[in-house]
Amino acid sequence: MKKNLKTNLIFAGVLVVIALGLLIWQVATAKPGMEAVLSYGNNKVLTFSLEDDGVHDVDTGSYTIHLEIADGAIRFVDSPCPDHNCEGFGWLRNEGDWAACLPARAVLTIEAAA
């Protein structure tokens, strides 16, 4: 009985060490969070965390644009502009992704969080 207990304790200890090692590795190699940067109007800039789901309405001076954030991505939704091209860009989630609403003079880009 004591031999099985000792073996089980050693096995459990090895599992704990492996789990801690994996946790430390994950934290050390984690990518920084992504954020959406909206540039609009006369050099105005807003930043949105992609970790906070929600809908945001932004008055650009010429149009009120509507942005939706969900599951680590953002998109233009329900655009009031005449051509709705900005909605066609779809969900943006990767660094370097971008979309523009030219009638609203707005550009949305994905960047690594500072």
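What to note about this one:
- Segment 88-114, subset in a loop (DSSP other than H, G, I, E, B) and farther than 17 Å from residue 53 by Cα, residue nearest to the chain's Cα centre (by Cα): 95
- Selection from segment 47-65 of residues that are of a type in the set (A, V, I, L, M, F, W, C) and either touching a residue at least 40 places away in the same chain (Cβ under 8 Å) or surrounded by fewer than 17 Cβ atoms within 10 Å (Cβ to Cβ) (or both): 50, 55, 58, 65
- Scanning segment 21-47 for residues that are at pLDDT 75 or above and either over 30 Å from residue 109 (Cα atoms) or in a helix (DSSP H, G or I) (or both) gives a single hit, 21.
- If you filter segment 66-87 down to residues that are within 21 Å of the chain's Cα centre (by Cα) and open to solvent by 70 Å² or more (accessible area, probe 1.4 Å), you find that the one that is nearest to residue 44 (Cα to Cα) is 75.
The values are calculated or read from the model by the stated rules, or taken from the named source; none is laboratory data. Computed from a predicted model, the values in this text were never measured in an experiment. FYI the Cβ positions are ideal-geometry reconstructions off the backbone, even for glycines, and counts take in every protein chain you see. When the accessible area is computed, the model is the full protein with side chains, heavy atoms only, and any ligands, DNA or RNA have been set aside. Shrake-Rupley method; radii C 1.70, N 1.55, O 1.52, S 1.80 Å.
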